[in-house]
2 protein chains.
Amino acid sequence: MTKEASEIGLAMTALGRAARAASAELATSDRDQRDLALRSAAAALRSSEEKILEANKVDLSAARKSGMSSAMLDRLMLDHERIESMAAGLESIAALPDPVGRILAEWDRPNGLNIQRVAVPLGVIGIIYESRPNVTADAAALCLKSGNAVILRGGSDSFESSHAILECMRAGLEKANINVEAIQMVPTRDRTAVGYLLSSMASLVDVVVPRGGKNLIKRVQDEARVPVIGHLEGICHVYLHASADATIAREVVLNAKMRRTGICGAAETILVDADVAGQLLPDVCDALVDAGCEIRGDDEVVKIIPGATKATEEDWTTEYLDSIISIRIVDGIDAAIQHIAAYGSGHTESIIASDVAAAEYFLRSVDSAIVLHNASTQFADGGEFGMGAEIGIATGRVHARGPVGAEQLTSYKYVVRGAGQVRP
Amino acid sequence: MTKEASEIGLAMTALGRAARAASAELATSDRDQRDLALRSAAAALRSSEEKILEANKVDLSAARKSGMSSAMLDRLMLDHERIESMAAGLESIAALPDPVGRILAEWDRPNGLNIQRVAVPLGVIGIIYESRPNVTADAAALCLKSGNAVILRGGSDSFESSHAILECMRAGLEKANINVEAIQMVPTRDRTAVGYLLSSMASLVDVVVPRGGKNLIKRVQDEARVPVIGHLEGICHVYLHASADATIAREVVLNAKMRRTGICGAAETILVDADVAGQLLPDVCDALVDAGCEIRGDDEVVKIIPGATKATEEDWTTEYLDSIISIRIVDGIDAAIQHIAAYGSGHTESIIASDVAAAEYFLRSVDSAIVLHNASTQFADGGEFGMGAEIGIATGRVHARGPVGAEQLTSYKYVVRGAGQVRP
C-alpha cells in the first residue's frame, strides 16, 4: 500500500468510527429532534444560496475545462430554483411519518409472552452517487429521517458543491442538538477511498446504497464486503395485449417512453400481440414519431411502420435513456412474459389490456420489482408511490425492492414482554 | 485453476442453472402443490428409514475413524425418533400459512392507482450448514414452503446421510409434480465448491444463508459475492435490575443458562446492579451451581460467591455453549447497556425488573435482534415465536433480523392497477 492509500485508510476508518458513534446517539433521538434538524437544514440551504452557487461555479468551471457534455453539465448545475427545490424536499421529508418505532407486527403467545416487531434504524449507511449535487441533501435527509448515520460519497465533479450542501445539513444537525458526525462525507476525490468504504469497513458500515450508472453499480457489487441495496438498469417494457384499449395503449406508451427519457422507469421496449399489431402499432408509432422518437423494430414492425429501422439483438438489452424505442411483435402473453424474463432487468413492466384475467396473469407471472396494469412505467418512483422521496429503485431481491424511501432504510428488532416465563 | 476445480465450477454452474429454472416454475406453483410435496416428503422419510440409517452408519463410521468427538457424533447420529421428528417437522411446515402472495400493504393514490406490496419468493437460496443431517430436511422444507429453489451444502461428515434425505425430499417434489431440480445438493465434499457457490454464481443464487459455527460464518462473510443472511454467535445477557423480583431472577437465569447450554440463545453473561448483587446473587448462583454450572465473576462476585473463579476480559466475549457463566456487577442500567454494546453480539438480551419504566428503557436502548423483559433468553427461537420453524437467528440488520422462518425467505414486488393513468 502506498503512503497515500494508507493515509486514506486511516481517515476513512476515523470517519466510520465517528459515524458509528453518532448512529448510536441518533438511535435514541426522537422524531421532533430529527425533523427540526431537517427543517433547519432547509433554512440553511436557503440562507447559504450564494455560498453554494460559488462552490458550484468552481465545479462547473473545472467540468467545462475537462470537456464534460452539456447533458452532464446540466445535471451538475445548481441555481436558485434547484436550491429551493432541495430545501422544499427536506421539509417534505420532515413532514413524513416517523419510520422508526413503527410496530410492524404484534402477537401474543399461548404462554403469555407479548411479541412486537419494531422498526429500528439500519445504523450507518454508505451512499455512493454521481454528479447530481442535490443527492447530497436528499440522501442525507432520508438517512437522518430514518435515524441512520450516513457516509456520503458524491461524484468527484460535484465535490465543492456537495461539500457546501453538507455544511448546511450539518448546520441543521447543530440546531437540533444532534451530533454533526451523523452526516459524513468522504473528504477526498481519490477513488481508493471508495474501495476502502466497500471492502474494509464492514464493522463500521451496515449497508451501502449505490446510486448511479451501470459502471458504478458494477464496481460496488464486485468490491462490496458489506450488504448492498443496489439497482441495476431499468430496461422497462410495455406489453400491448390483444385486448388492449387503443387509446390507453397510445397514451401510456407515449408517456412511458417520452415524458422523460433519462429516468430508469422510462420504457425501452414495446411488446405487442401479433393479432393486434396491425391495428395498434401505426397509431402508437405516429404518436412516438411526432414526439421525436426513433423506432427500431423486428422484421414485422419494419414492414408495417414506415421509417422504422431494424432492431438487432443488442436493442433488446439496451437501456437507451434517450428518444429511441425498440418494438417486438410477440405471439401471445406467454411469449411476452418470456421476452421480459430473458431481456428485462427486473425493474418495471406494464401490461395494457382490457381483459382483466390476462392482466392478472401478467402481474403474477412477471418477476419485476414493479408490475403495472394500464398505467405508465414512469410511475416507478417513490414520490409517485406516496413514499415522499426515494434514494432509488432497488432491483435486488433482498431487504428492499422497488422504491427505497425512509421506511426501507430501517431494520427491525423483536421486543418481548413477559412475566417471568421460562422455556420448558 | 486445476482441472478438478474447473470441473467443479462447471458442475456448480449447471446445478445453479437448473435451480434457477426450477425457481421460475416454483414461483407459479400454488400452496396446495408445495404442501403436498412437503407431506409426501415426510411420508418418504418414514418409508425410507432403513436406507437413511444405512447411509448414516457410513457417515458415523467414517467420523469415528477420523476421531470425531462424542458431542459431534451425537449431532451426526440419526435414529428412528430423529427421522420421525424430521418427518413431523415437514408436516408442521406444510400446515403453516402460505408466506407467498401475502398482501403486505395496500393503498390508493389520489390519481386512482391502486398499489399492493405482495410477498414473492426470493428465488434461489444457498444454504451452507454443518454436520446435523436434519438441517437438510428443515432447510429444504422452509425454502420450498416459501416458493424458493434451494442449493444445499451440508457438512462433509454428513454427506451420505444428507443425500439419503435429499432423495426423500425429491420424491416429495415428484409426487406433487414439481420439478425435482428445485432442491439441489452440492455433489462433492470438495470445499472448492463452496467458494464457487459464494463467489461465482451471483446471477444464479439470490441469497446465501450460512448456518453453523464462527468459522463457517466468517468464511461465508469473507468470500460471499451474493447477499448473505447470517448469524454470528449468541453472547446473550441477562441483566438483573435493582427492581428485579428475586424468584423471577433465579428462575430466568437458571433457565436462560442451563435449559440447554449449546444453543445460540443460551445466556453467557449475567449483569447485576451493584445495589442488589448481595441480595440476589447468592440465591441465583446456588441454583446455577446445583445444576452443575461453573461461575466466573469479577472481583466483587468472587468475594460474595464461594467457589466463583475470577473472570478475565476474554470471558465477556466468549460464547461458552457450555455449563459456564460469567457474572459482572454493574453500576446501574446505563452501565449494563454499555457492557452489552461493548461485548454483546446483537443476538438476545433480557432484563429482569419490576420497574416497568426501567424495563422499557432497556428494551428501547439495547440494540439486539431480540430484547426481552422478565423472560428467558432461550425463547430466542422461531418455534417459540410461533413461526413454526426457523433456519436460524439472524444478527445482521439487512433483510431479516431475529428468527428466519418461511416469511423471512420472501421478497416482495409492487403490483399497481390502473385505468390508463399517465404521469403528468
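Which condition from (1) of a type in the set (Asp, Glu); (2) over 22 Å from B:Leu152 (Cβ atoms); (3) within 24 Å of the chain's Cα centre (by Cα); (4) part of a helix (DSSP H, G or I) is the one that B:Asp98 breaks?
(4)
Just need a number here: residues in the range A:90-120 that are open to solvent by less than 20 Å² (accessible area, probe 1.4 Å) and farther than 30 Å from A:Arg423 by Cβ.
Of the residues in that region, 4 qualify.
Give the residues of the range B:124-168 that are among the acidic types (Asp, Glu) and over 17 Å from the mean Cα position of the chain (by Cα), sorted by residue number.
B:Asp157, B:Glu160, B:Glu167
Is it true that A:Leu15 is crowded, with 18+ Cβ neighbours inside 10 Å, hydrophobic (A, V, I, L, M, F, W, C) and under 24 Å from the mean Cα position of the chain (by Cα)?
In short, no.
Determine if the range B:359-369 includes at least one residue that is under 18 Å from B:Gly234 (Cα atoms) and either basic (Lys, Arg) or under 18 Å from the mean Cα position of the chain (by Cα) (or both).
yes
If we keep just the residues of the range B:194-239 that are small (Gly, Ala, Ser) and within 13 Å of the chain's Cα centre (by Cα), which is surrounded by the most Cβ atoms within 10 Å (Cβ to Cβ)?
B:Gly234
Need the failing condition index for A:Arg170 against (1) within 26 Å of A:Leu36 (Cβ to Cβ); (2) basic (Lys, Arg); (3) in a loop (DSSP other than H, G, I, E, B), just the number.
(3)
Does A:Ile83 meet the test of being assigned to a strand (DSSP E or B), of a type outside the set (Ser, Thr, Tyr) and within 25 Å of A:Ala43 (Cα to Cα)?
In short, no.
Applying the selection to the range B:1-58, what residues are outside any helix (DSSP H, G or I) and at pLDDT below 95?
Once the filter is applied, which keeps residues that are outside any helix (DSSP H, G or I) and at pLDDT below 95, the range B:1-58 yields B:Met1, B:Thr2, B:Thr28, B:Ser29, B:Asp30.
Looking only at residues that are touching a helix residue (DSSP H, G or I) at 6+ places or on another chain (Cβ under 7 Å), of a type in the set (A, V, I, L, M) and more than 10 Å from every other protein chain (Cβ to nearest Cβ) in the range B:388-404, which one is farthest from A:Ala394 (Cα to Cα)?
For the range B:388-404, the residue satisfying everything is B:Ala389.
Considering only the range A:253-265, I want to know if a residue exists there that is within 22 Å of A:Ala358 (Cα to Cα) and either open to solvent by less than 10 Å² (accessible area, probe 1.4 Å) or more than 14 Å from chain B (Cβ to nearest Cβ) (or both).
Among the residues of the range A:253-265, at least one is within 22 Å of A:Ala358 (Cα to Cα) and either open to solvent by less than 10 Å² (accessible area, probe 1.4 Å) or more than 14 Å from chain B (Cβ to nearest Cβ) (or both), which makes the answer yes.
So how many residues does the range A:253-268 have that are touching a strand residue (DSSP E or B) at 6+ places or on another chain (Cβ under 7 Å) and farther than 16 Å from A:Gly292 by Cα?
Looking only at that region, the number is 2.
Go through B:Ala244, B:Ala311, B:Ala277 for me and flag whichever is within 11 Å of another protein chain (Cβ to nearest Cβ) and open to solvent by less than 20 Å² (accessible area, probe 1.4 Å).
Answer to the selection: B:Ala244.
Need the failing condition index for A:Gln421 against (1) within 27 Å of B:Pro110 (Cβ to Cβ); (2) touching a Gly at 6+ places or on another chain (Cβ under 8 Å); (3) modelled with pLDDT of 95 or more; (4) not aliphatic (A, V, I, L, M), just the number.
Only one criterion in (1) within 27 Å of B:Pro110 (Cβ to Cβ); (2) touching a Gly at 6+ places or on another chain (Cβ under 8 Å); (3) modelled with pLDDT of 95 or more; (4) not aliphatic (A, V, I, L, M) is unmet by A:Gln421, namely (1).
Can you confirm whether the range A:304-317 contains a residue that is aromatic (Phe, Trp, Tyr) and in contact with a strand residue (DSSP E or B) (Cβ under 8 Å, 6 or more places away or on another chain)?
Yes - at least one qualifying residue is present in the range A:304-317.
How many residues does the range B:290-306 hold that are buried (at least 16 other Cβ atoms within 10 Å of the Cβ) and assigned to a helix (DSSP H, G or I)?
3
Can you pull out the residues in the range A:203-224 that are more than 18 Å from A:Ala19 (Cα to Cα) and at the interface with another protein chain (Cβ under 10 Å from one of its Cβ atoms)?
Answer for the range A:203-224, where residues must be more than 18 Å from A:Ala19 (Cα to Cα) and at the interface with another protein chain (Cβ under 10 Å from one of its Cβ atoms): A:Gln221, A:Asp222, A:Glu223, A:Ala224.
Hey, can you tell me all the residues within the range A:47-80 that are over 14 Å from A:Phe159 (Cβ atoms) and touching a Ser or Thr at 6+ places or on another chain (Cβ under 6 Å)?
Selection gives A:Arg75 alone.
Would you check which residues across the range B:169-193 are under 23 Å from the mean Cα position of the chain (by Cα) and modelled with pLDDT of 90 or more and list them?
B:Met169, B:Ala182, B:Ile183, B:Gln184, B:Met185, B:Val186, B:Ala193
Can A:Ser200 be described as of a type in the set (Ser, Thr, Tyr) and within 14 Å of another protein chain (Cβ to nearest Cβ)?
The answer is yes for A:Ser200.
Show the residue pairs meeting these rules: Cβ distance below 6 Å; 6+ apart or different chains; first residue within the range A:352-378 and more than 7 Å from every other protein chain (Cβ to nearest Cβ) and of a type in the set (A, V, I, L, M, F, W, C); second residue open to solvent by 10 Å² or more (accessible area, probe 1.4 Å) and part of a loop (DSSP other than H, G, I, E, B).
A:Ile352/A:Ala244; A:Ala353/A:His241; A:Ala353/A:Ser243; A:Ala353/A:Ala244; A:Ala358/A:His241
What is the residue count in the range B:126-167 for residues that are in a helix (DSSP H, G or I), open to solvent by less than 10 Å² (accessible area, probe 1.4 Å) and more than 16 Å from B:Leu90 (Cα to Cα)?
So the count comes out to 2.
Could you please find all residues in the range A:378-415 being β-branched (Val, Ile, Thr) and touching a His at 6+ places or on another chain (Cβ under 7 Å)?
A:Ile393, A:Thr395, A:Val398
Among the residues in the range B:373-381, are any within 30 Å of A:Gly265 (Cβ to Cβ) and under 13 Å from the mean Cα position of the chain (by Cα)?
Taking every residue of the range B:373-381 in turn, none turns out to be within 30 Å of A:Gly265 (Cβ to Cβ) and under 13 Å from the mean Cα position of the chain (by Cα).
The values are calculated or read from the model by the stated rules, or taken from the named source; none is laboratory data. All of these numbers come straight from a predicted model, not from anything done at the bench. Cβ atoms come from the backbone with ideal geometry, glycine included; neighbour counts cover every protein chain shown. We work out accessible area using only protein heavy atoms, side chains counted, and drop any ligands, DNA or RNA first. Shrake-Rupley method; radii C 1.70, N 1.55, O 1.52, S 1.80 Å.
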